[in-house]
Amino acid sequence: MLVPVADPDLARLRVEAAERARARPRLPFDGTVSDDTVGGVPARYYRPARAAHPETGVVFLHGGYGVLGDLELQDAYARRIAGTLGVLVLSLAYRLAPEFLLADSAADAVAGADVTRAAGVERVVLWGDSAGGAVALAAARSARVDGLVLTNPNVDLSLSRYDDAAPGGPGRELSEWAFSRWAGVARLADAPDLAADISRLPPVFAAVGSEDSLLPDARHLVERCAHAGVRATLRVVPGASHGFMGGPDTAVAEAIIGEAGRFIID
């Protein structure tokens with residue numbers, strides 16, 4: 001029996017998320033944007049006109065509780081990564097719950113990393129926001145990747161460290177419903193903590209808002225990495241809530257992208 005959370009109108013939530021994403025004006029981008037598929041899932045390439053780091057490719061994984069989102073959801077975020085860092089970005093519309101499991105989402109990320117490396121880059125980075133951070137962590141041990149960038153990441157899908165007192169976190173109720181199905185468990189308590197095993201992780205850069213309910217998750221992950229000798233750093237953004245990378249303060253978003261680039265690439 002699944003966790004006792006009322007079923008959301010998922011079809012409506014997906015439509016509304018897609019409509020909001022498509023209503024946003026396109027962020028100017030000096031380069032080319034092209035759609036494709038990778039392993040059967042929709043994909044989008046962002047190729048900057050001036051590639052400062054042609055040796056590096058980023059696989060971008062959007063947020064959305066593991067049940068929402070497509071290539072449009074965080075198109076602006078992917079454009080900022082490509083333009084700010086001068087790197088190739090491959091954005092993936094990985095498979096979602098409840099139709100698929102986290103393992104399927106992670107397999108899509110692994111395929112994206114393989115395709116990116118096959119394109120000739122020497123260094124591949126998995127870059128996940130929110131639920132996309134969970135996908136990056138789940139994929140990192142199987143994919144040949146050289147770094148992880150996680151913004152507002154979901155780490156413990158059982159929500160055991162979720163801070164209900166924080167004013168700016170993602171919705172708990174939808175998280176509970178989504179993660180039990182994404183993890184394929186009967187009880188939310190049995191959903192995986194992706195910080196439980198940090199062996200073989202590449203260097204990790206994490207950035208979280210100080211008002212985000214997921215901040216304890218990120219702290220725990222980085223602390224475990226430090227104890228295990230995995231190079232990791234946490235950037236806490238004062239006053240920021242969940243999803244700040246897509247918020248109105250574009251200077252903060254670009255600064256975080258720049259810091260991540262210096263940590264992972266430089």
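The values are calculated or read from the model by the stated rules, or taken from the named source; none is laboratory data. Owing to the predicted nature of the structure, the values given are computational and were not obtained by experimental measurement. Here the Cβ positions follow ideal geometry from the backbone for every residue, glycine too, while neighbour counts run over all protein chains shown. With ligands, DNA and RNA removed, areas are computed over all heavy atoms of the protein, side chains included. Shrake-Rupley method; radii C 1.70, N 1.55, O 1.52, S 1.80 Å.
Some observations on this one:
- Placing +1 on the Cβ of every Lys and Arg and -1 on the Cβ of every Asp and Glu, with no other charges, gives the chain a dipole of roughly 540 debye about its Cα centre.
- The alpha-carbon atoms of region 181-220 define a convex hull whose volume equals 107 cubic angstrom per residue.
- Using a simple spin-label model with pseudo-atoms 7 Å out from Cα toward Cβ, residue 51 and residue 103 lie 3.5 nm apart.
- GNM result for the chain, Cα springs below 10 Å: residue of 131, 251, 195 fluctuating most strongly: 251
- Diffusion coefficient, µm² s⁻¹, Stokes-Einstein with Kirkwood Rh over alpha-carbon pairs of region 193-266 at 37 °C and 0.692 mPa s: 254 µm²/s
- Only one residue of 145, 178, 188 has its Cα farthest out toward the positive end of the dipole of region 139-203, where Lys and Arg carry +1 and Asp and Glu -1 on Cβ, and that residue is 145.
- Put simply, region 39-93 fits an ellipsoid with semi-axes of 21, 11, 8 Å; these come from the alpha carbon gyration tensor as the roots of five times its eigenvalues, largest first.
- Stokes-Einstein translational diffusion, region 1-111 - Kirkwood Rh over all Cα pairs, 0.890 mPa s, 25 °C, in µm²/s: 163 µm²/s
- Considering only the chain, percent of DSSP beta bridges that pair antiparallel, nearest 5: 35 percent
- Value of relative contact order over the chain, rounded to a whole percent, pairs C-alpha under 8 Å and six or more apart: 18 percent
- In order through region 88-95: 3J(HN,Hα) via Karplus (6.51 cos²θ - 1.76 cosθ + 1.60), integer Hz, x for Gly, Pro: 5, 10, 10, 9, 10, 8, 4, 5
- Accessible area of the chain divided out per residue, in Å², using a probe of 1.4 angstrom: 41 Å²
- For region 95-178, the set of GluC sites (Glu not before Pro) satisfying both a DSSP loop assignment and a count of at most 11 other C-beta atoms within 10 Å is given as 99, 122.
- Split the accessible area of the chain by element, probe 1.4 Å, and carbon with sulfur accounts for 53%.
- A simple packing score, the average count of other Cβ atoms within 10 Å per residue, orders the peptides 214-226, 80-92 as 80-92, 214-226, with the highest score first.
- The three principal axes of the Cα atoms in region 1-61 give end-to-end lengths of 51, 28, 20 Å, sorted in falling order.
- For the chain, the Kirkwood estimate of hydrodynamic radius, built from reciprocal distances between every pair of different alpha carbons, is 18.1 Å.
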